[in-house]
Amino acid sequence: MLRLLVSGAAALVLSGAGVHPASAAMHATAEFESGATRPVKIAFLPPHAALLKKKVVKAEEQIEESVEFSGYLAASVRAEFAAQGYDVHVLTPEEVSADPELQELVLDADRRYGEMLTQLRTRLPRQIGKRRYEAGDEMRVLAAKLGVDAIGFAEIQIYAAAAGASAVAILTGFGSAGSSTLVSVSLIDGGTANIEAFFVPPVMRRGSIAGYDAIMADPAGKIAEITRLTLRDLPKVDEAARAPGESDEDVLSDVESLLDN
C-alpha cells in the first residue's frame, strides 16, 4: 500500500526555513545545472499528499482529500516538466498495483527515498552538490525497468490548525498556529542513484503560498500555483548536453546482477 502521509523527515526538511538560502528554490549538482546529468525521460512515483487538521487535543488526517490532492499534484508536476520539454510520466497507484514486480520495486524505492531524506535533513540540501545522498540499487533497478533516465518524487503537506488549537499553541508555546503548505520535488539519477535536484518553494515567497482555506476553495488551481512556484528554477531539457550513459545491454546486465544478489 503506497503511503500518503509525508514522512516526518520530509516534513522537517521542508518546514525548516533556516535550512535554505533565502532565494533558493532548486538545490542541484553542478552536472545537473550544466545538463550533463539532466534527464530527458523521467518517471515519477505516485505523489505523496497529506492534509492534516489539528484540533485542540490531536491532529487528524483527512484521507479522502489527501488522495484527491495527490492527483492534483501529479497533474501539476507533469504539466510543469512537460512545459520544459521533458518526457515525463507519473505512475498511478492503479498502474503500480497491477504489476506485482513494479509494486515491490516502487515500495523499495519509496522506502529508500524516505531514508535518504533523513540524511538530507541532517546534512542540509546544500550537500546535494557534493553528491552526499545516494538512493541505492533499488532506484537503479526501478529506472531500468521503466526505461527512464531518472526517478522523480513529489510531496505536499497541508497543515491547518483549528481556532482552539491555534490559541492553545500561542498560549503554551507548543505547536504551530495558523496553516502552512509544504512542498518538495526531487529527481534521482537512474544510473548513479544520486539525487541530482531537489526543489522547494523559495523561502522569501513561502509566506505567500496558499493556506488551508484557499486550497480547500480551489484545490486544483492552488496546488498548480504552488507547484509552479516550487519548480520555477527547473531548467529546460537539454538532450544534447546530457553525457552518454550506459548502453542498454550494460544496464540490463547490471540489473540482472542486482536481482541475483
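Ligands, DNA and RNA left out, the accessible area of segment 69-149 computed with a 1.4 Å probe is 47% carbon and sulfur.
For D213 and A75, the FRET efficiency from 1/(1 + (r/R0)^6), where r spans their Cβ atoms and R0 equals 22 Å, is about 0.50. Please give the solvent-accessible surface of L187 in Å², to the nearest 10, using a probe radius of 1.4 Å with every protein chain present. Near enough 0 Å² of accessible area. Remark: the A30-E134 segment gains 35.9 nm on full extension, using 0.36 nm per residue and subtracting the alpha carbon distance. Highest average first, the peptides 147-159, 222-234 ordered by how many other beta carbon atoms sit within 10 Å of their residues are 147-159, 222-234.
Extending 7 Å from Cα along the Cβ direction at D238 and again at D108 yields two label points whose distance is 3.4 nm. Modelled label positions at V40 and D99, each set 7 Å beyond Cα in the direction of Cβ, lie 2.0 nm from each other.
Mind ranking E64, E80 by accessible surface for me, highest first, 1.4 Å probe?
Details: E64 150, E80 40 Å².
Ranked list, largest accessible area first: E64, E80.
Of the residues M116, M216, M26, the one with the largest accessible area comes first in the ranking M216, M26, M116, computed with a 1.4 Å probe on protein heavy atoms.
Write down the Å³ per residue value for the convex hull defined by the alpha carbon atoms of segment 66-113.
Values: hull volume 4.4 nm³, N = 48.
Hull volume over Cα atoms, normalised by residue count, gives 92 Å³.
The values are calculated or read from the model by the stated rules, or taken from the named source; none is laboratory data. What you see is a predicted model; the values in this text were computed from it and never measured. All Cβ positions, glycine included, derive from the backbone under ideal geometry; neighbour counts span all protein chains shown. Quick note on the areas: whole protein, heavy atoms, side chains included, nothing else; ligands and nucleic acids left out. Shrake-Rupley method; radii C 1.70, N 1.55, O 1.52, S 1.80 Å.
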